[in-house]
Amino acid sequence: MTAVHVPGTPVIEDGRLVSTSPATGAEAGRVPVASVADVEATVARARAAAPWWAGLGFTGRRERLLRWRAVLAKRIEELAELVHVEGGKPVPDAIVEIVTAVEHVDWAARNARRVLGPRRMRSRLVLAEFSAHLEYQPHGVIGVIGPWNYPVFTPIGSVAYALAAGNTVVLKPSEYTPAVGQWLVDTFAEVVGEQPVFSAVHGLGDVGAALCRSGVDKVAFTGSTATGRKVMAACAESLTPVLIEAGGKDAMIVDADADLDAAADAAVWGALTNAGQTCIGIERVYAVEPVFDAFVDKVVQRADRLTVGADGADIGPITMPSQLDVIRRHIDDALARGGRAVLGGAEAVQPPYVRPTVLVDVPEDSAAVREETFGPTLTINRVRDADEAVTLANALPYGLGGSVFGRRRAVAVARRLRSGMASVNSALTFAGMSTLPFGGVGDSGFGRIHGEDGLREFARAKAITRRRARSLLPAMTFDRTDADVARLVKVVKMMYGR
Ligand code: NDP
């Protein structure tokens, strides 16, 4: 990379990764770039720290994690400002992101023992002479690879749960947001200074690839589907398990009995918050014919009011300059194929900004409907009924989240969406519900962060049986007699043969 600055595009200068504001080009942070040897050394230190961190037990880790949560909460404005400068995100959006992350740290810390701790399981009649014990033990070192669009919420969705489960963590933040990643590591070190329990390695994609090959015990990747495939391939070499949180093309369905004002509010928020750079952002709406026109009008009215700009605006710049070409291509393609822009359009792309764009009657095979746009754009297409909406919503390889507005059938429709999550009469709200698992299906990935499943994702089940009495029906021994086996046959027929 050269030092010619396109605002927002990171550069490497004298072995340091320099991140800049996509709005102003101002420097946001400067961190050392890790070599392969540095990545390996960081993982080795994290591995050496793992027994100490695991040894603190659930209580010790809970106490430390709650102290970190308090630091995040107390310094929320400082972190929001850094997120704003480095990624261009409006400060209020950054605040909402951090609030959600703080809630996840709190829940993971408080619930790890209940979900993962040792417990007795029931014995069944067949092995009644044994007691059964289950616990979830940490993997060791977790490698977390994060994207730039939610540089606090997204890594913390893995990091907090992995730490609560007793693992140490090495984070590779996106090259676009290294300063935020380092801030998280530095503040954690303020409450856990004894050992490198949570550390970061910085650089471009090759540093992420090196982390996959470094011998970590599991990789939690959040990013694009294309990179997810590479991460999985790299991890396959060493049979390192992976969690993949990838892209999406989430749909909202607006049924005939929906509250249209609420639906329009949620569609505009879900599509345009963070300039549409949201994995679970609403990118498509299917509204049933009777409410279509009224709904579109309400969306346009609301979206048209939003301000676009560097500071104090509703919509900030596009964080990754190269994404502007993708957004422009999707808008152009939709219009060329007969779609109509009822707000914005081709001229909405004014680097580094994109003005809100609402496209209607867009062909289902166009890029704007099929591919992740990651910009402040929304397609709204009309459908006969909710059934057709579900068919179209489910027609893509992606399956991350989704939203349904309606009364009578809304929950039933939400259950039929081929996605890991859905919100009824709201948008994106499942992401902040720390009791619920978060993750996708198909091209959106697999595995779950958040909630009980998210804690278990970062631990392995350890099953133990313990003899508590002599076996009345000895089976698992060569000392068994023919009579024992005959009795076994009799019992199994009696118990299961009916
Ligand atoms: P990328 O896939 O480009 O990058 C994600 C991370 O992977 C970055 O840290 C990147 O480093 C790193 N990386 C790049 N190449 C490799 C490699 N070969 N091996 C290992 N790591 C590598 O995604 P973006 O950062 O552009 O994020 C946007 C995407 O993330 C969208 O598709 C969005 O939907 C998805 N996302 C999914 C979420 C979910 O929970 N499902 C949540 C948030 C976003 P570098 O930046 O240095 O290239």
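Read the figures in this text as sums done on the coordinates, not as results from a lab. Remember, predicted model here, so these are calculated numbers, not experimental data. Cβ placement follows ideal geometry from the backbone for every residue including glycine, while neighbour counts extend to all protein chains displayed.
Assorted remarks:
- Long-range HN-HN contacts of VAL11 with modeled amide H, under 5 Å: VAL18
- Angle in degrees between helix 225-236 and the longest Cα principal axis of the chain, rounded to the nearest 10: 30 degrees
- The calculated FRET efficiency for the pair GLU81 and ALA395, based on their C-beta separation and a Förster distance of 51 Å, comes to about 0.80.
- Per-residue HN-Hα couplings for the range 378-387 [Karplus 6.51, -1.76, 1.60; θ = phi - 60°; Hz; x = Gly/Pro]: 8, 9, 10, 10, 8, 10, 5, 7, 5, 4
- Whole-Hz ³J(HN,Hα) from phi, Karplus 6.51 cos²θ - 1.76 cosθ + 1.60, for the range 155-160, glycine and proline x: x, 5, x, 9, 4, 5
- Descending by average beta-carbon neighbour count within 10 Å, the peptides 47-59, 165-177 line up as 165-177, 47-59, the highest first.
- Our summary gives the range 91-223 a relative contact order of 27 percent, counting only alpha carbon pairs under 8 angstrom and 6 or more residues apart.
- Karplus (6.51, -1.76, 1.60) ³J(HN,Hα), θ = phi - 60°, over the range 245-259, in Hz, Gly and Pro reported as x: 10, 10, x, x, 8, 5, 10, 10, 10, 10, 8, 5, 9, 6, 6
- Take the Cβ atoms of ARG468 and LEU66, set R0 to 41 Å, and the FRET efficiency comes out at 0.60.
- Solution diffusion estimate, µm²/s, Stokes-Einstein, the range 72-224, Kirkwood Rh from C-alpha pairs, 37 °C, viscosity 0.692 mPa s: 196 µm²/s
- At an R0 of 35 angstrom, the distance between the Cβ atoms of MET121 and ARG498 translates into a FRET efficiency of 0.85.
- Cα-based radius of gyration of the chain once divided by 2.2 N^0.38 Å, which approximates compact folds: 1.09
- Between 0 and 90°, nearest 10: helix 76-87 axis offset from the chain longest Cα axis: 60 degrees
- Highest to lowest packing among 85-95, 308-318, scored as the average C-beta count within 10 Å: 85-95, 308-318
- Between 0 and 90 degrees, the angle of helix 36-55 with respect to the longest Cα principal axis of the chain falls at about 50 degrees.
- Note on MET252, MET433, MET320: ascending count of other Cβ atoms within 10 Å places them as MET433, MET320, MET252, the fewest first.
- Residues with amide H under 5 Å from that of ARG355, placed H, sequence gap 5 or more: VAL349, GLN350
- Under 5 Å, built H, 5+ apart or other chain: amide partners of ILE282: ALA271
- Each peptide in 327-337, 354-364, 125-135, 268-278 receives the mean, over its residues, of other Cβ atoms within 10 Å, and ordering these scores from highest gives 268-278, 354-364, 327-337, 125-135.
- Each of ALA256 and HIS133 was given a label point 7 Å from its Cα along the Cα-to-Cβ line. The distance between the two points is 6.1 nm.
- Ordering CYS212, CYS279, CYS235 from the fewest to the most neighbouring beta carbons within 10 Å gives CYS235, CYS212, CYS279.
- Neighbour-count ranking [beta-carbon atoms within 10 angstrom, fewest first] of SER19, SER403, SER366, SER224: SER224, SER366, SER19, SER403
- Sequence-distant contacts, meaning Cα pairs under 8 Å at least 6 residues apart, place the relative contact order of the chain at 17 percent.
- Compactness of the range 1-110 - radius of gyration and Dmax, Cα, Å: 17.7, 50
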